[in-house]
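To start, the structure under review is shown below, and the notes come after it.
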Amino acid sequence: MYYVSVVLLLLVLPAASVIIEAFYSTGTDIMWLVGKWFVFWACGVRLLVAGLMQTLKPEFTAKSIFEIDAPAAHAIVREVGFGNLAMGTLGLASLFEESWVVPAAIVGGLYYGLAGLGHIIRQGNFKERFALWSDLAIFALLAVFVVNRLG
């Protein structure tokens, strides 16, 4: 289920949203649509879902991603979950306040990039390597969007 949710939230649903809105609207900047929908799905929904899981079931992240089977680690995972809840809320809200899309892309993109670097250093199990590549891919996409908007 983890892999399916990551692929859906980081690729399939945002790409489908871009395609659907581009089809139904004329003259819309495609890069804007990419940023809008990838921020909503990847930084909003994905980070909110991750934050909920980390807050409510910290043992899942501790055991399945980091291979830590120590209840003491749950408090740290829960704290990370709070950060993901905050970033996820910003990503969701950006759908209703367009001026928040670029700031949400910066915050979410930096998080994904830094998390990807953390996964490079650890080189853990397959789930962590999957997280590494998905994190770095979203970081790169959001970085291109931010440079396009600010450049």
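Against the test of being of a type outside the set (S, T, Y) and open to solvent by less than 30 Å² (accessible area, probe 1.4 Å), the options A75, A143, A93 yield a single qualifying residue, A93. Scanning the stretch 131-140 for residues that are without any contact (Cβ under 8 Å) to a residue 24 or more places away in the chain and farther than 14 Å from F38 by Cβ, we see that the one that is surrounded by the fewest Cβ atoms within 10 Å (Cβ to Cβ) is W133. Selection within the stretch 111-130: residues that are more than 17 Å from L48 (Cβ to Cβ) and of a type in the set (A, V, I, L, M). The member of this set that is most open to solvent (accessible area, probe 1.4 Å) is I121. Considering E98, E59, the condition of being under 17 Å from Y2 (Cα atoms) and of a type in the set (D, E, K, R) is satisfied by E59 alone.
Summed over the stretch 59-111, the residues that are touching a Ser or Thr at 6+ places or on another chain (Cβ under 6 Å) and touching a residue at least 60 places away in the same chain (Cβ under 8 Å) give a count of 2. Within the stretch 15-29, being more than 19 Å from A143 (Cα to Cα) and either part of a helix (DSSP H, G or I) or open to solvent by less than 50 Å² (accessible area, probe 1.4 Å) (or both) holds for A16, S17, I19, I20, E21, A22, F23, Y24, S25. One residue is enough: does the stretch 3-14 have a residue meeting the conditions touching a residue at least 60 places away in the same chain (Cβ under 8 Å), out of contact with any Leu (no Cβ under 6 Å at 6 or more places or on another chain), open to solvent by less than 50 Å² (accessible area, probe 1.4 Å) and of a type in the set (V, I, T)? Checked against the condition, which is being touching a residue at least 60 places away in the same chain (Cβ under 8 Å), out of contact with any Leu (no Cβ under 6 Å at 6 or more places or on another chain), open to solvent by less than 50 Å² (accessible area, probe 1.4 Å) and of a type in the set (V, I, T), the stretch 3-14 yields at least one hit.
Flag not set for L114, criterion: among the hydrophobic types (A, V, I, L, M, F, W, C) and in contact (Cβ under 8 Å) with a residue 12 or more places away in the chain.
The values are calculated or read from the model by the stated rules, or taken from the named source; none is laboratory data. This structure is a prediction, so every number in the text was calculated from the model and none was measured. With ideal geometry, Cβ positions are generated from the backbone for all residues, glycine too; neighbour counts draw on all protein chains shown. Heavy atoms of the whole protein, side chains included, go into the accessibility calculation; ligands, DNA and RNA do not. Shrake-Rupley method; radii C 1.70, N 1.55, O 1.52, S 1.80 Å.
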